[in-house]
Every structure is written in C-alpha cells, then in structure tokens.
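The structure appears below as structure tokens.
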Amino acid sequence: MMLLAAILVAVTATRWNATDATAPYQADLLARNIRHMQMLAMSWGQGLRLTAAGSSYSVACVTAGVAPCNVPTVIDPATGQAFSVTLSNNVTLAGGPTSIDTLGRPVNGAALITTNTTYTLTAGTESWSVVVRPITGFVTVSSP
C-alpha cells in the first residue's frame, strides 16, 4: 500500500504544474463572478460592467452616481471589498468588456448583445474560455 502511494505521489509531482492547476479554478471564479455581477445588477437596479485588463478584472457601474455607483470599482457586498480580482500564477485574461443591464442580461449600450462574449484565460500552453451567451447571459466554462 505504501509503495502504491509513493508511486502515485511521484507521478503526480512530476506532472503537476501550479499554473495549470489554477487556470481552471480562475476560469470558474470568473464565471461565478459574472453570475454574481448579474445578481447585483438586478438587486441594485444598476447596469454593471466587467472589464478585463491583462492579469485582472474589475466590476464598475455603467453610470456613475450614488452608492453603490459612487466609486470607480463597486464594493462587493459579499466581501466588503472592491469588486476586483487579480489573477495568480501568470494566468492572463483577454476579452470583454461585458455590460449587464438591470435584468441581468448582457448588453451593448441599450441593445441586447447578439453574439457571445468570450474571455480567454491562458496559463502556459493551455487556454480556458468563459463565454457569456447573448440574451440570457448564461455563462459557461470550456476547457482546452
């Protein structure tokens, strides 16, 4: 039994890459944060926008105004912190921005989007996609 455990540890250790291990997690986190942003937009009655910038993303109100839209990056009520995420382990992000209306739908200005909005998270040689579907705003994650 100990020999089997040692073999499994040896094989796993030689094939495990921290960057690859966190890319799927960070793709899932982005998808969850987009869903969370949709719920906040509906709860607050405010349009929100997710903007990606290389190795991070943040959520802001489409139109500045009174709280919660009185700061550049909205405060996430779940954490009490600015709704901003910095990716780790050299994972990069491309795509967007995505605006969500007060009904949780992806929009471009006042019009519903008609094509997918895709975010691509890259870690080493692998890429993960987070896709926001038009009209419904349904969010999916696809692996390499």
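The values are calculated or read from the model by the stated rules, or taken from the named source; none is laboratory data. Since this is a predicted model, take the numbers as computed values, not measurements. Positions of Cβ are backbone-derived with ideal geometry, glycine not excepted, and every protein chain shown enters the neighbour counts.
Which condition from (1) in contact (Cβ under 8 Å) with a residue 60 or more places away in the chain; (2) over 14 Å from ILE34 (Cα atoms); (3) surrounded by fewer than 18 Cβ atoms within 10 Å (Cβ to Cβ) is the one that THR115 breaks?
(1)
Are any residues in the stretch 27-54 at pLDDT below 95 and of a type outside the set (A, V, I, L, M, F, W, C), and if so, which ones?
Selection gives GLY54 alone.
Can SER84 be described as out of contact with any Leu (no Cβ under 8 Å at 6 or more places or on another chain) and touching a residue at least 60 places away in the same chain (Cβ under 8 Å)?
no
If MET42 satisfies all but one of (1) within 15 Å of the chain's Cα centre (by Cα); (2) assigned to a helix (DSSP H, G or I), what's the number of the condition it fails?
(1)
So ALA110 ticks every box in (1) at pLDDT below 95; (2) crowded, with 16+ Cβ neighbours inside 10 Å; (3) hydrophobic (A, V, I, L, M, F, W, C); (4) out of contact with any helix residue (DSSP H, G or I) (no Cβ under 9 Å at 6 or more places or on another chain) but one. Which box is left unticked?
Looking at each condition in turn, ALA110 falls short on (2).
Find the residue count for the stretch 74-107, including only residues that are surrounded by fewer than 19 Cβ atoms within 10 Å (Cβ to Cβ) and in contact with a Lys or Arg (Cβ under 6 Å, 6 or more places away or on another chain).
1
Yes/no per residue for (1) of a type in the set (D, E, K, R); (2) in contact with a helix residue (DSSP H, G or I) (Cβ under 9 Å, 6 or more places away or on another chain); (3) within 19 Å of GLN26 (Cα to Cα):
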{"position": "THR73", "(1), (2), (3)": "no, no, no"}
{"position": "ALA78", "(1), (2), (3)": "no, yes, yes"}
{"position": "THR98", "(1), (2), (3)": "no, yes, yes"}
{"position": "GLY104", "(1), (2), (3)": "no, yes, no"}
{"position": "THR117", "(1), (2), (3)": "no, no, yes"}
{"position": "THR140", "(1), (2), (3)": "no, yes, yes"}
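Identify all residues within the stretch 121-138 that are buried (at least 17 other Cβ atoms within 10 Å of the Cβ) and under 18 Å from THR102 (Cβ atoms); write none if there are none.
VAL132, GLY137
Does the stretch 137-144 contain at least one residue that is among the aromatic types (Phe, Trp, Tyr) and without any contact (Cβ under 8 Å) to a residue 40 or more places away in the chain?
yes
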